[in-house]
Amino acid sequence: MIVERVEITVLDGRESEFEAALCDVRQRVFMCKGFRDFTVAQGVERSSSYLVQVLWESLEEQADFVDSGRSVRCWAPIDPFLAGPLQVELFAQRPGLNLQGPGVLTDMSWMS
């Protein structure tokens, strides 16, 4: 799986309008081949900052999304609310490093 991390800064005071437009983006991306998940987080210290993560089945499907021009068309509804360009970075998931359970910690000295 590929995680597409999109950092977004919205014009001050336009957060509500941006969020409404982001719902359109989510629906558009949802229709694309290879799409698996879409999550959104808003900045705690800066409410105009957002982090969107889109999960893709493969790098090839994410690349097809970009190369076909669908990416630009999908993200277009939020353009009027952006304070700057989208900051996009791709990550490959590492399932073996995910937390699978409570684990066993024998050195508790870090807690003091």
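A short reminder: the numbers here are calculations on the coordinates, not readings from a lab. The shown structure was predicted, so the numbers you read here are calculated from the model rather than taken from an experiment. Cβ sites come from the backbone with ideal geometry, for glycine too, and all protein chains shown count toward neighbours.
Quick look at the numbers
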{"read-out": "Gain in span if fully extended, Lys33 to Ser112, counting 0.36 nm per residue against the direct Cα distance", "value": "23.5 nm"}
{"read-out": "Along principal axes, Cα extents of the stretch 20-73, largest first, whole Å", "value": "35, 20, 16"}
{"read-out": "Taking all pairs of distinct alpha-carbon atoms in the chain, Kirkwood radius in angstrom", "value": "15.8"}
{"read-out": "Computed magnitude of the charge dipole of the chain (debye, nearest 20; Cβ of K, R +1, Cβ of D, E -1)", "value": "160"}
{"read-out": "Per-residue [θ]222 nm for the chain (sum of -39500 (n - 2.57) over DSSP H runs n ≥ 4, rounded to 500)", "value": "-8000 deg cm²/dmol"}
{"read-out": "Peptide ranges 50-57, 7-14, 66-73 listed from the most packed, as the mean C-beta count within 10 angstrom indicates", "value": "50-57, 7-14, 66-73"}
{"read-out": "Degrees separating the helix 15-30 axis from the principal Cα axis of the chain, which is the longest one", "value": "80"}
